[in-house]
Each structure stands twice: as structure tokens, then as C-alpha cells.
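Remarks on the structure that follows.
The values are calculated or read from the model by the stated rules, or taken from the named source; none is laboratory data. Because the structure is a prediction, the values reported are computed rather than measured. Cβ coordinates were reconstructed from backbone atoms using ideal geometry, including for glycine residues, and neighbour counts include every protein chain displayed. Keep in mind that these areas ignore ligands, DNA and RNA; they rest on the heavy atoms of the full protein, side chains included. Shrake-Rupley method; radii C 1.70, N 1.55, O 1.52, S 1.80 Å.
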Amino acid sequence: LMVDPTWPGLDVLLPKRLSHPSNVVLQTDFIRVEVDRSESISFFNRASGTLLTRDFGASFTPTIDLATGLPSWALQQSWTVDEQEQLYGGGEYQSGFLGFKGAPVQLTQFNTEAVVPFFASSKGYGILWDSNAWSWLNPPNASDLLSFAPPAMLSSAFPPAIDGTPLMMAACSRGVEQEWIRDHVGRYTLNGSPRLLDCNGCSTGTAPHLWSSSSKLQANQKFDLLPSGLFRNRFHNTCLTTASAIRGGSRLGGSARVTMEACDSSDARQIWRFVNGTLRAISNTSTCLTAAVQGLVADLTPKVDGDHILYADLCPSSFGCGSNQELYIALSDASGKTQVAQEWDGLTNMPDSMSG
């Protein structure tokens, strides 16, 4: 917003005697403002008489100041918008929105979000929210809030597998965290995820994990399942090895550690079978190689039609969520088949909230 002292001033008329006693009228060359005794404010295009917007409510609610812990007030003010109208501006956000009508926008500075609390309407007027307080444009309704919780079983939701996700042995459940897709060059991809089985350097004693496909790491990501049953890294003489015992306490019904060890066909812990997309240990045929994915899931049943505006407070008790966070929207059809509709990958220093 700029002010040039050479620009001509605006005349504001406040008549001593009004034609509408219940209203106070102010007008400039372009705008006519009417304030009635109920304190509702209406803004009109002076030339055409078209209503631009109307203030239809304000409230002051007692609250506690977040910074000082002292009593304070929360202010809310509302304006009308037309069905075809759109609001632009507001600063720089990571949401991907161009227009903000109806979208929840948190007017708070973050590392990657800069707030300029001025919104320009497609009808030719603007609203400046002249406040330094932590504010919202379109605060989310309770029905828009997504409630995240650990899934009862990881197989019931798409796994948010990220680089470095560890691998373990767990009871076979035919969940997506146990399904592997083998390609023609010996890479094993976790079903529904862009991550590959990676031996993490492949040295004796190292624990394999999931990692993104990389030409620089191809020596870690190609394996041969030999006729003997050894699951050997193609470029190192180490083989996938499981612990002999399954420990209880896992959400998957018990788990065991997996490491890379010197290949030994006489060691039953190194003998594998690839069965219906799962890698099963011969030493315990009821266990499968499993991605130990962790995460929270919010379930939503969509409306038949119309837009969904949702708000997810992913880190309510901290400023930012740290690094290596990922957020997925996955769609499931009536048969239970799931596919990713949107993925925000490798989020670093993610702000407390994201809308998109």
C-alpha cells in the first residue's frame, strides 16, 4: 500500500441533516457508505448504486492472551460476498490457492509464509484487516477440522512411507506395508509408495530401509533372489537376514529386526520366498518383510458434490513440525483399493497449519 502526497484528496460528506434519519451516510467520489443504528455497515459503488459488501456481524469474546496469559478479547467481523466474487492477495502462502473466498487462511508469519492482510475483491474493493493479532480469514468450522489418530491397523490406510523408513519382520497380514513390486532390473518398490528397498550401504550388520529411487544409490537398490533362496544385493556379497525370534508388542502383532549379513546358504534366516507380492522368511513362513511405517490418519467420507474445504492442525502443541514430514490425501473406492490423490513430499520446517 502506497501513499503519494501529490495525489488529490477525497471529499467525505457527513450531512448535518440526513434524508434517512436512521442512517449515517459517508461518500467519496467512488464509494458510498451507509451505517445504520444497528451498526451494520454497507458499501456501495456510488456511480452504479451496486452493493459491494455489507458488514453483517461483529463480536467481542473474552479470552486469554496467548503471549502474556492475561485477560484479553477476541474480535470477529464478517462481510457478505457474492457467489461469483473472489478475494485475492493477502501475502504469500504455501497453499496453492489463488483466491481465498471461503478458504481458511491463518494470518500468521511462518518461515515460508508472509502475511499482508489486505484482500482485493474481484468487484473492485479491498479489505484491510488492520490488526497485529494472530488472525484468521474464514476460521475453520468444527466440521472442517480433520481429527488425526493412529490407524487401528496400518493396512487400513495408505502408509506415509518416507526416506529412511525402517524394515522389519511381522506377521503376514496382506497389508500394503508388506506388498512389494519387483521390476525387471531387480528393484523392489513398496506397493503404493515411490520408495524402494535399499540396503543402506549393504555392509554387514547394517539395517536396510526404504529410500527414493536414485541413480547414485542403484548399488544399494538392486537385489537377486537366487535359486537357493538367498536374497542378495547385486553389487555386494551381503544378504537380507532376519532375526530368528518375533517379539510381541507391535501393532502388527510382533516384529523382528532385519539386517544385511555375509551370505550363507546354510543359514535358514537368509532363505526367502517371493509369494504373491510378499517376501517371506523360510525360518518363519508366517512372517513377511514389512515397512515399519508410522503415521496418523484422518478418515473423511466425501459429499456427493461440491467443494471440500478442510483444515488439519498437524502439530497443535508446537511451532512447526520439524523435518521429514509428509502429508497424503488418498482415495479409496468401494472395493477398498486405495490410490494417492495428492502428496506433499519431504516437507521441512512445516508450519503449524497448511491449507490446500
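Consider Gly175 carefully, then state whether it is surrounded by 15 or more Cβ atoms within 10 Å (Cβ to Cβ) and out of contact with any Phe, Trp or Tyr (no Cβ under 9 Å at 6 or more places or on another chain). It is true that Gly175 is surrounded by 15 or more Cβ atoms within 10 Å (Cβ to Cβ) and out of contact with any Phe, Trp or Tyr (no Cβ under 9 Å at 6 or more places or on another chain). Among the residues of segment 122-140, write down those that are touching a Phe, Trp or Tyr at 6+ places or on another chain (Cβ under 8 Å) and at pLDDT 85 or above. Once the filter is applied, which keeps residues that are touching a Phe, Trp or Tyr at 6+ places or on another chain (Cβ under 8 Å) and at pLDDT 85 or above, segment 122-140 yields Ser122, Tyr125, Gly126, Ile127, Leu128, Trp129, Ser135, Leu137, Asn138. Can you find, within segment 39-75, the residue that is nearest to Gly126 (Cα to Cα) among those that are over 42 Å from the mean Cα position of the chain (by Cα) and open to solvent by 90 Å² or more (accessible area, probe 1.4 Å)? Per the stated criteria, the residue is Arg46. Annotation: of all residues in segment 202-219 being within 15 Å of Ala262 (Cα to Cα) and surrounded by 17 or more Cβ atoms within 10 Å (Cβ to Cβ), the one that is modelled with the lowest pLDDT is Cys202.
No other residue among Gly102, Gly124, Gly96 is open to solvent by 60 Å² or more (accessible area, probe 1.4 Å), among the small types (Gly, Ala, Ser) and closer than 24 Å to Pro302 by Cβ apart from Gly96.
Rundown of residues vs (1) part of a loop (DSSP other than H, G, I, E, B); (2) of a type in the set (Val, Ile, Thr), yes/no style:
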| site | (1), (2) |
| --- | --- |
| Ser193 | yes, no |
| Thr204 | yes, yes |
| Leu210 | no, no |
| Ala219 | no, no |
| Asp224 | no, no |
| Ser228 | yes, no |
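The residue that is farthest from Arg273 (Cα to Cα), among those in segment 180-221 that are in contact (Cβ under 8 Å) with a residue 24 or more places away in the chain and of a type in the set (Lys, Arg), is Arg195. For segment 285-301, the set of residues classified as open to solvent by 60 Å² or more (accessible area, probe 1.4 Å) and either modelled with pLDDT of 85 or more or in a strand (DSSP E or B) (or both) consists of Thr285, Ser286, listed by residue number.
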